[in-house]
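Chemist: Please read through the structure below; I'll follow up with questions.
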Amino acid sequence: MSKAGNSFLRKTLYMASLAAIRNKKSLFREMYDRLRSNNKT
């Protein structure tokens, strides 16, 4: 993420992504785990 753009929108998207990752049954969590296993994050 860069510092360009709307800071409110950036913060909101960041918090939404954290909430999605914390949910163990989320599709986003599956993608996050797959990326973590491949050392992409």
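The values are calculated or read from the model by the stated rules, or taken from the named source; none is laboratory data. None of these values were measured; they are calculated from a predicted model. Note that each Cβ is placed from the backbone with ideal geometry, even for glycine, and that neighbours are counted across all protein chains shown.
Chemist: Within the chain, can you find the residues that are of a type in the set (D, E, K, R) and under 14 Å from the mean Cα position of the chain (by Cα)?
Modeler: Residues satisfying the conditions are Arg10, Lys11, Arg22, Lys24, Arg29, Glu30, Asp33, Arg34, Arg36, Lys40.
Chemist: Just the residues that are among the aliphatic types (A, V, I, L, M) and either in contact with a Lys or Arg (Cβ under 6 Å, 6 or more places away or on another chain) or modelled with pLDDT of 90 or more (or both), please, taken from the stretch 2-19. Don't jump to the end; show me each part of the working.
Modeler: Kept after step one, since they are among the aliphatic types (A, V, I, L, M), are these residues of the stretch 2-19: 4, 9, 13, 15-16, 18-19.
If the condition is that a residue be among the aliphatic types (A, V, I, L, M) and either in contact with a Lys or Arg (Cβ under 6 Å, 6 or more places away or on another chain) or modelled with pLDDT of 90 or more (or both), then Leu9, Leu13, Met15, Ala16, Leu18, Ala19 are the ones that fit.
Chemist: So the check is Cβ under 7 Å with 6+ separation or different chains; which pairs have a first residue in the stretch 3-28 that's assigned to a helix (DSSP H, G or I) and a second one that's surrounded by fewer than 10 Cβ atoms within 10 Å (Cβ to Cβ)?
Modeler: Arg10/Met1
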